[in-house]
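The structure under discussion appears below in the form of structure tokens.
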């Protein structure tokens with residue numbers, strides 16, 4: 001009789017991943033004993049692998065060539081800024097040993113690695129995102145294994161090649177950073193998520209859901225669909241310049257790019273004029289219908305449109321008017337939400353929906369309606385001088401970031417003139433079905449062990465806790 005208790009042999013994918021993980025664990029055991037200075041050098045080595053100008057350009061050119069997404073010059077800028085900002089954020093940060101002593105509580109907090117990290121990274125940022133994950137992981141003494149997108153594989157592989165050159169310089173074990181073998185399949189990626197100690201997923205919601213259902217602790221992000229309000233107190237030209245700069249950056253590959261602008265009626269015409277001066281063009285109804293048919297065949301966003309320049313989008317749509325073809329951004333007036341109004345969703349292209357709001361209450365209602373369809377939890381923005389409007393968004397809107405008077409895609413992932421951590425992975429909280437609500441940073445790659453010592457008892461009396469309540473209610 002067959003042995004009904006025997007288990008099936010591991011699949012080839014499981015075996016391939018197990019071999020990678022075994023090597024990663026051996027390397028990570030070495031890094032776990034590194035001093036803070038050694039970990040800092042490890043992270044710096046990985047940072048220089050992408051920051052070195054010639055390497056940065058090669059990675060950007062490779063990314064655009066093989067993914068067909070975005071702009072080389074903007075990717076160079078992104079690789080540089082995001083890495084430099086991250087290195088600033090982690091400089092001097094404690095990521096091993098004693099983090100904190102709290103003698104009055106008898107607590108000593110100690111930073112510890114999480115182990116082997118599975119990093120699932122998107123085709124939209126195949127250089128900057130894995131570099132960010134790798135640097136954060138190494139800073140805390142972890143190993144990391146990448147699961148790149150098929151089109152982004154060559155960029156991630158080249159990045160790892162550059163990292164190995166720096167590891168050789170400092171004598172670090174190469175197996176601290178690895179990638180799944182080419183071609184990366186869904187089975188390989190799922191096995192990696194199962195076998196590692198922490199999963200970090202940036203990209204499609206299908207990958208995010210797979211991360212959260214893998215059985216491994218996971219940090220995944222929600223869908224983007226950023227909307228910004230321009231109220232009647234805003235500096236309109238400043239707002240228009242910032243919105244346009246953000247919207248067209250890297251052909252709108254960022255989940256933080258403005259997808260909708262909600263403009264107060266009192267300044268609507270003036271703001272449209274300001275956006276036009278900044279390089280946008282507002283489509284009439286027939287042109288909007290033509291663009292919608294090309295962008296959303298069958299009601300779904302076309303991959304042929306994603307992260308393409310306006311000229312290319314117009315060619316696909318058959319729009320030939322010089323004003324459209326030569327614009328930086330196409331703008332369409334919208335009033336609806338959901339499937340029947342596809343421009344209300346994320347467009348991942350230099351195309352923006354424009355809504356007209358009677359006042360701030362109406363603008364707030366439009367914002368909520370957009371996010372009820374897509375983007376809940378992520379981020380919103382406002383251009384204003386009215387602090388009450390800012391506070392209301394912070395207190396009532398179901399987002400994890402409210403970006404004020406800034407270019408949203410530039411600011412949302414951290415910038416040198418705001419206090420957010422530099423990141424390409426934005427947590428969206430429970431509103432976005434995520435386990436965290438911050439910008440992903442090195443602290444997410446760290447366990448904390450607490451030594452607990454005896455202190456004098458701190459037990460209150462029942463009356464100290466319940467006295468006021470009992471008195472108020474006559475109990």
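The values are calculated or read from the model by the stated rules, or taken from the named source; none is laboratory data. Small disclaimer: the values here were computed from a predicted structure and weren't measured. Please note: Cβ atoms are built from the backbone with ideal geometry, for glycine as well, and neighbour counts cover all protein chains shown.
Looking at this structure, is residue 84 in contact (Cβ under 8 Å) with a residue 24 or more places away in the chain, assigned by TED's automatic domain parsing to the domain that holds residue 159, under 30 Å from residue 140 (Cα atoms) and touching a helix residue (DSSP H, G or I) at 6+ places or on another chain (Cβ under 9 Å)?
yes
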Scan the range 340-352 for residues that are farther than 18 Å from residue 245 by Cα and crowded, with 21+ Cβ neighbours inside 10 Å and jot them down.
-> 343, 344, 345
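Among the candidates 156, 123, single out the residue that is in contact (Cβ under 8 Å) with a residue 24 or more places away in the chain, in a helix (DSSP H, G or I) and either outside the structural domain of residue 57 (by TED's automatic domain parsing) or in contact with a helix residue (DSSP H, G or I) (Cβ under 8 Å, 6 or more places away or on another chain) (or both). So that I can check it myself, show each step before the final result.
Numbers: 123 fails: in a helix (DSSP H, G or I).
Unique residue meeting the criteria: 156.
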If we keep just the residues of the range 204-225 that are out of contact with any helix residue (DSSP H, G or I) (no Cβ under 8 Å at 6 or more places or on another chain) and in a loop (DSSP other than H, G, I, E, B), which is surrounded by the fewest Cβ atoms within 10 Å (Cβ to Cβ)?
-> 213
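It is to be established whether one or more residues within the range 331-339 are surrounded by 17 or more Cβ atoms within 10 Å (Cβ to Cβ), over 22 Å from the mean Cα position of the chain (by Cα), assigned by TED's automatic domain parsing to the domain that holds residue 274 and closer than 22 Å to residue 429 by Cβ.
First, pick out the residues of the range 331-339 that are surrounded by 17 or more Cβ atoms within 10 Å (Cβ to Cβ): 331-332, 334, 337.
In the following step, the residues that additionally are over 22 Å from the mean Cα position of the chain (by Cα) were identified as 331-332, 334, 337.
Then keep just the ones that are assigned by TED's automatic domain parsing to the domain that holds residue 274; that gives 331-332, 334, 337.
Next, from what is left, pick out any that are closer than 22 Å to residue 429 by Cβ: 337.
Checked the range 331-339: at least one residue is surrounded by 17 or more Cβ atoms within 10 Å (Cβ to Cβ), over 22 Å from the mean Cα position of the chain (by Cα), assigned by TED's automatic domain parsing to the domain that holds residue 274 and closer than 22 Å to residue 429 by Cβ.
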Looking at the range 445-458, is at least one residue within 30 Å of residue 198 (Cβ to Cβ), in contact with a helix residue (DSSP H, G or I) (Cβ under 6 Å, 6 or more places away or on another chain) and not assigned by TED's automatic domain parsing to the domain that holds residue 234?
-> yes
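Yes/no per residue for (1) under 20 Å from the mean Cα position of the chain (by Cα); (2) not in a helix (DSSP H, G or I):
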site	(1), (2)
138	yes, no
146	yes, yes
162	no, no
182	no, yes
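Looking at this structure, is residue 151 modelled with pLDDT under 95, surrounded by fewer than 23 Cβ atoms within 10 Å (Cβ to Cβ) and either touching a helix residue (DSSP H, G or I) at 6+ places or on another chain (Cβ under 6 Å) or not assigned by TED's automatic domain parsing to the domain that holds residue 36 (or both)? Can you show your working first?
Details: modelled with pLDDT under 95: yes; surrounded by fewer than 23 Cβ atoms within 10 Å (Cβ to Cβ): yes; either touching a helix residue (DSSP H, G or I) at 6+ places or on another chain (Cβ under 6 Å) or not assigned by TED's automatic domain parsing to the domain that holds residue 36 (or both): yes.
When the stated conditions are applied, residue 151 passes them.
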If only one of 57, 81, 65 is under 25 Å from residue 174 (Cβ atoms), surrounded by fewer than 19 Cβ atoms within 10 Å (Cβ to Cβ) and out of contact with any strand residue (DSSP E or B) (no Cβ under 6 Å at 6 or more places or on another chain), which one is it?
-> 57
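Name the single residue, out of those in the range 80-108 being assigned to a helix (DSSP H, G or I) and farther than 13 Å from residue 415 by Cα, that is nearest to the chain's Cα centre (by Cα).
If we filter the range 80-108 for residues that are assigned to a helix (DSSP H, G or I), which is where we start, we get 80-90, 103-105.
From what's left, farther than 13 Å from residue 415 by Cα: 90, 103-105.
Details: 90: 18, 103: 38, 104: 38, 105: 36 Å.
Filtering first and then ranking leaves 90.
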Within the range 95-111, track down each residue that is surrounded by 14 or more Cβ atoms within 10 Å (Cβ to Cβ) and in contact with a helix residue (DSSP H, G or I) (Cβ under 8 Å, 6 or more places away or on another chain).
-> 95, 96
Sole miss for residue 404 among (1) closer than 22 Å to residue 266 by Cα; (2) over 20 Å from the mean Cα position of the chain (by Cα) is condition (2)
Hey, could you check the range 112-135 for residues that are over 14 Å from the mean Cα position of the chain (by Cα) and crowded, with 24+ Cβ neighbours inside 10 Å and say which is farthest from residue 56 (Cα to Cα)?
-> 113
Those residues of the range 47-67 which are closer than 16 Å to residue 148 by Cβ and either under 20 Å from the mean Cα position of the chain (by Cα) or not assigned by TED's automatic domain parsing to the domain that holds residue 98 (or both) amount to 50, 59, 60, 63, 64, 67
Does the range 60-67 include one or more residues that are modelled with pLDDT of 95 or more and not in a helix (DSSP H, G or I)?
-> no
Restricting attention to the range 315-351, which residues are in contact with a strand residue (DSSP E or B) (Cβ under 7 Å, 6 or more places away or on another chain), over 26 Å from residue 393 (Cβ atoms) and not in a loop (DSSP other than H, G, I, E, B)?
-> 323, 324, 330
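Could you check, for the range 352-362, whether at least one of its residues is under 29 Å from residue 293 (Cβ atoms), touching a strand residue (DSSP E or B) at 6+ places or on another chain (Cβ under 7 Å) and in a helix (DSSP H, G or I)? Give the derivation first.
We begin by selecting, within the range 352-362, every residue under 29 Å from residue 293 (Cβ atoms); these are 352-357.
Pick out the ones that are also touching a strand residue (DSSP E or B) at 6+ places or on another chain (Cβ under 7 Å) and you get 352-357.
Checking the rest, the ones that are also in a helix (DSSP H, G or I) come to none.
The answer is no; no qualifying residue exists.
Got at least one residue in the range 313-322 being assigned by TED's automatic domain parsing to the domain that holds residue 248, under 27 Å from the mean Cα position of the chain (by Cα), surrounded by 14 or more Cβ atoms within 10 Å (Cβ to Cβ) and free of Cβ contacts under 8 Å to residues at least 40 places away in the same chain?
yes
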With respect to residue 432, is the statement that it is surrounded by 17 or more Cβ atoms within 10 Å (Cβ to Cβ), more than 21 Å from residue 137 (Cα to Cα) and either in contact with a strand residue (DSSP E or B) (Cβ under 6 Å, 6 or more places away or on another chain) or at pLDDT 95 or above (or both) true?
-> yes
How do the pairs read when you match residues in the range 30-45 that are assigned by TED's automatic domain parsing to the domain that holds residue 116 with residues anywhere that are surrounded by fewer than 18 Cβ atoms within 10 Å (Cβ to Cβ) and in a helix (DSSP H, G or I), using Cβ under 6 Å and keeping only pairs 6 or more apart or on different chains?
-> 41/170; 45/170
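Might you check whether a residue that is closer than 21 Å to residue 251 by Cβ and crowded, with 19+ Cβ neighbours inside 10 Å occurs anywhere in the range 170-190?
Residues of the range 170-190 closer than 21 Å to residue 251 by Cβ: none.
Scanning the range 170-190, I find no residue that is closer than 21 Å to residue 251 by Cβ and crowded, with 19+ Cβ neighbours inside 10 Å, so the answer is no.
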